[in-house]
Amino acid sequence: MSTIQSVPQVVIARVHGLATAAGCQLVASCDLAVAAESAGFALPGGKGGWFCHTPAVPVARAVGRKRLMELALTGDPIDARTAEQWGLINRAVPDAELDAAVDELLARATRGSRASKALGKRTLYGQLDRPEADAYALALEVMAAAAQLSGAREGMAAFLEKRSPVWRD
């Protein structure tokens, strides 16, 4: 699961069924997630004999403590609309629109400089669990260094010259 967040590429979950235990963990670990309205999400260990300890780690970070506790302690599934409201997924769409919605979000999330996107993803995950002052220190350092990357310079030049950027990475 940690590999998903460490790779430079954008990783999107496409959910079209019931994502339980490690499946729910996988969704929560991805950078982005789109689900069909018919999808569901559960940490079912709470109603059985083996609790969902490891799946709860990324789910907690996505939905918060109280919602995690409801999922983990009851084991009851939530529907896709609830998962969207709770922050487990980016959006729930009609089943027939799932592929188009995934393609559209992925196209928007991957446009621009690949090197900049990879650095941005690494920095976002790196600052999430730090105290705010530490998160700002990291972000400021990376942002200043990133301004010297070819993609950043191209983006700035294209903006100033009122033209579309040409990404060479």
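Structural remarks
- Lone unmet requirement of (1) touching an Asp or Glu at 6+ places or on another chain (Cβ under 9 Å); (2) more than 24 Å from residue 2 (Cα to Cα); (3) of a type in the set (Gly, Ala, Ser) for residue 133: (1)
- Number of positions in region 25-51 that are more than 13 Å from the chain's Cα centre (by Cα) and farther than 20 Å from residue 99 by Cβ: 10
- Members of region 158-169 found to be surrounded by 11 or more Cβ atoms within 10 Å (Cβ to Cβ) and outside any helix (DSSP H, G or I), listed by number: 165, 167, 169
- Failed item, numbered, when residue 133 is tested on (1) open to solvent by 70 Å² or more (accessible area, probe 1.4 Å); (2) in contact with a Ser or Thr (Cβ under 6 Å, 6 or more places away or on another chain): (2)
- Failed item in (1) open to solvent by less than 60 Å² (accessible area, probe 1.4 Å); (2) assigned to a loop (DSSP other than H, G, I, E, B); (3) farther than 30 Å from residue 60 by Cα, with residue 155 passing the rest: (2)
- When residues of region 120-130 are limited to those that are open to solvent by 60 Å² or more (accessible area, probe 1.4 Å) and of a type outside the set (Ser, Thr, Tyr), the one farthest from the chain's Cα centre (by Cα): 130
- Taking region 1-108 as the region of interest, the strands (runs of 3 or more DSSP E) fully inside it that hold 1 or more residues being buried (at least 16 other Cβ atoms within 10 Å of the Cβ) and in contact (Cβ under 8 Å) with a residue 60 or more places away in the chain are 12-15, 32-36.
- Test: residue 139 is free of Cβ contacts under 8 Å to residues at least 24 places away in the same chain, over 17 Å from the mean Cα position of the chain (by Cα) and not in a loop (DSSP other than H, G, I, E, B): yes
- Subset of region 109-119 that is in contact (Cβ under 8 Å) with a residue 24 or more places away in the chain and within 21 Å of residue 90 (Cα to Cα) - its residue that is surrounded by the most Cβ atoms within 10 Å (Cβ to Cβ): 117
The values are calculated or read from the model by the stated rules, or taken from the named source; none is laboratory data. Not measured: the values here are computed from a predicted model. Note: ideal-geometry Cβ built from the backbone for every residue, glycine included; neighbour counts use all protein chains shown. SASA here: full protein model, heavy atoms, side chains in, ligands and nucleic acids out. Shrake-Rupley method; radii C 1.70, N 1.55, O 1.52, S 1.80 Å.
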